Amino acid sequence: MRSAIILATVLGLSGCATTLTTIPPDHTLGPGNESVAIGRLTLDLTQPPLVFFTNLGRMKLTVTNETTGTDYAVFCDKTGLDSEFYVPLPPGRYRFVSVQAMNAISQLPPGHFNVESGRVQYVGTIKFSGTSLMGKGRWHVEDESETTIKAFRERYPRISQPVAQPMPEAWGSIGHGNWRVLKPQ
């Protein structure tokens, strides 16, 4: 009985999210509801960790589809503290939830983006500016679409659909961020 309670607590705290990784280079958008979300995740730190540690894993952005309540774990394309993501994402309105880098996680302040059916959607550059992973800082969503779209077009020449972009008022500061260390699992 005690084991069951501990297991239920662990599962409840860890949550289940659908894992999304980078689409393959030969990916195409077919007819129907298929969509691709592209963007960038970057940590602009004045005291970055040693390069060895930053290359241990990919950063993860968690978002929630507000219509279905489904959580998605969006993994960046490369290791390090600055990477793009190109992932399949069902159409809907999404809320930013958190960012995980190495063994630290930061809840994101309120921020939203939409993904339309059959489109490529640029969601922005989600950037943390602060001192370190354990320090305080500020989250921003910025428009660095030219760089991200250029990299996307070079990597995925078979996807010819135009890239939809959020309205300019979506850019800007979304609030303060605090990091906490995750316990080993």
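The values are calculated or read from the model by the stated rules, or taken from the named source; none is laboratory data. Please read these numbers as outputs of a predicted model, since none were measured by experiment. Reconstructed Cβ throughout: ideal geometry from the backbone, glycine too, with neighbour counts over all protein chains shown.
Restricted to the stretch 97-153, and to residues there that are over 29 Å from residue 27 (Cβ atoms) and charged (D, E, K, R), the residue that is surrounded by the most Cβ atoms within 10 Å (Cβ to Cβ) is 138.
In the stretch 81-91 there is at least one residue matching the filter, namely being among the aromatic types (Phe, Trp, Tyr), in contact with a Leu (Cβ under 7 Å, 6 or more places away or on another chain) and modelled with pLDDT of 90 or more.
Between 118, 124, the distinction of being part of a loop (DSSP other than H, G, I, E, B), at positive phi and modelled with pLDDT of 85 or more belongs to 118 only. Scanning for something surrounded by fewer than 16 Cβ atoms within 10 Å (Cβ to Cβ) and over 30 Å from residue 26 (Cβ atoms), does the stretch 71-87 turn up at least one residue? No; the residues of the stretch 71-87 include none that is surrounded by fewer than 16 Cβ atoms within 10 Å (Cβ to Cβ) and over 30 Å from residue 26 (Cβ atoms).
Only one of these is farther than 13 Å from residue 36 by Cβ and modelled with pLDDT under 60: 165, 185. Name it. Result of the check over 165, 185: 185.
Answer yes or no: is there a residue in the stretch 123-132 that is among the polar types (S, T, N, Q), under 15 Å from the mean Cα position of the chain (by Cα) and closer than 29 Å to residue 161 by Cα. Yes, that holds for at least one residue. Of the residues making up the stretch 15-46, those that are within 18 Å of residue 116 (Cα to Cα), buried (at least 16 other Cβ atoms within 10 Å of the Cβ) and among the β-branched types (Val, Ile, Thr) are 23, 36, 38.
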